[in-house]
There are 2 protein chains.
Amino acid sequence: MPQGVPATVPDDGLTTRQRRNRPLVVVHTGDGKGKSTAAFGLALRGWNQGFDIGVFQFVKSAKWRIGEQTVLERLGRLHEETGEGGPVTWHKMGAGWSWSRKGGTEDDHASAAAEGWDEIKRALAEERHDLYVMDEFTYPMKWGWVDVDDVVTALVERPGRQHVVITGRNADPRLVEAADLVTEMGKVKHPMDVGQKGQRGIEW
Amino acid sequence: MPQGVPATVPDDGLTTRQRRNRPLVVVHTGDGKGKSTAAFGLALRGWNQGFDIGVFQFVKSAKWRIGEQTVLERLGRLHEETGEGGPVTWHKMGAGWSWSRKGGTEDDHASAAAEGWDEIKRALAEERHDLYVMDEFTYPMKWGWVDVDDVVTALVERPGRQHVVITGRNADPRLVEAADLVTEMGKVKHPMDVGQKGQRGIEW
């Protein structure tokens, strides 16, 4: 990973320290694996620094991500018990609600996603967390359930020192433009291409 | 992420269950961020499934990855105390040794990397772990300190059910060929491009 001297130093009137400490909007997009996994890895790192972690998971199905949820919530309890790390709050946006569009109508999904985003906006305005993981949040934007310009405005204008990580395929160009750090996870090879399905400890 | 029905089912004589449970070699490569972070995210997921986790970190500098190391070792102690999750062992290949090539000669680095790989081979032969994270392991291969064909042979012939995740830029084509799952983390945008340096909770 790049380290050391920046390629250019902008004429923005900030000191190196101020620039260094500017809170980030991070986007993990692309068709490959690792977008959410790396976001939860960042949460791990933030927890260790004592960050207050808020996860807002636009869930695909009740089964997904249970591993990360279990461990991060466990780390949150460890914080309560021992003071190590930071607090962790895990929100599933629309309980029992599924990306698969099975069960419920599309209107239900759209309104659940919109309500989820409203909750995130309230959290940002109140500076509730140091690090927000908005997992699979590109999809409600892509599907028009959440307004992209509204998201960008809320991110750009968020107060204080709040880091945001957004994951999902097909990140909108306006979101990419507003972000500080964007990684495209590209699929080179996937076991499913040769008939292998997901498995314990790797996919969940 | 892809889920559900595989695109093709190979004529390999395996049942779906056998194929599904085949242990994986995973490679995270490319110039973007998230390669190691996603690998440690996988370790988190594996820990939750009770996997024995072995991290073999070909360190860049003593400072790097301290966050993940602290948390994963903490989870390892939690396993010892409560039985939750699985055990965690963290090896820095070449104590005090640095990727930066500052301090020590190149020969020192090369022999430390070669010794590190020998230790990994012994671990694989003895089936010591369920999940191996070989962090930044592409570099000793790229620099000729570890023989790529020897790595590929050891991975292909490893016994039992051992998952392997290898991270780093410039993965050798032979490693990509031998791997089951390869993700290329591509840099779309990085804060350093606009003069921002690494910061607490994001980079470490």
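Say a paramagnetic label sat at a point 7 Å from the Cα of A:D31, along Cα to Cβ; which residues of the stretch B:149-189 have their backbone N under 15 Å from it?
Zone members listed by number: B:182-186.
With Cβ to Cβ distances under 9 Å as the rule, what net charge do the other residues near A:G30 carry (K, R +1; D, E -1)?
Details: positive: A:K35, A:R169, A:K187; negative: A:D31, A:E184, B:E184.
Neighbourhood net charge equals 0.
For the pair B:E119 and A:R22, what calculated FRET efficiency results from E = 1/(1 + (r/R0)^6), where r is the Cβ-Cβ distance and R0 = 41 Å, to the nearest 0.05?
Details: r = 41 Å, r/R0 = 1.00.
In this case the efficiency is close to 0.50.
Along Cα→Cβ at 7 Å, what distances in nm separate the A:D193 label point from those on the other copies, shortest first?
2.6
With a 10 Å Cβ neighbour count serving as the proxy for reagent exposure, in which order, fewest first, do B:L155, B:L42 appear? Mind dumping the intermediate values first?
Details: B:L155 20, B:L42 29.
The most exposed by this proxy come first: B:L155, B:L42.
Apply the Karplus parameterisation 6.51 cos²θ - 1.76 cosθ + 1.60, with θ equal to phi minus 60°, to every residue of the stretch A:40-57 and state each ³J(HN,Hα) to the nearest whole Hz, in sequence, with x for glycine and proline.
6, x, 5, 4, 4, 5, x, 4, 4, 8, x, 5, 7, 9, x, 9, 10, 9
Considering every residue in A:72-85, what mean count of other chain Cβ atoms within 10 Å of its Cβ is obtained?
The shielding value for this peptide is 2.
Using label points projected 7 Å from each Cα along Cα→Cβ, tell me how many nm separate A:R174 and B:R174, to one decimal.
For the pair A:R174/B:R174, the computed spacing is 5.1 nm.
For B:G186, what residues show an amide H to amide H distance below 5 Å, using hydrogens built from the backbone and excluding near sequence neighbours?
Amide H to amide H, under 5 Å and 5 or more residues apart or across chains, B:G186 pairs with A:E184, A:M185, A:G186, B:G32.
At 7 angstrom along the Cα-to-beta-carbon line, where would the label on A:E157 sit relative to the other copies? Give the distances in nm, shortest first.
6.5
Throughout, read-outs are computed from the coordinates displayed, never taken from laboratory work. Owing to the predicted nature of the structure, the values given are computational and were not obtained by experimental measurement. A quick note on method: Cβ atoms are made from the backbone with ideal geometry, for glycine too, and the neighbour counts reach across all protein chains shown.
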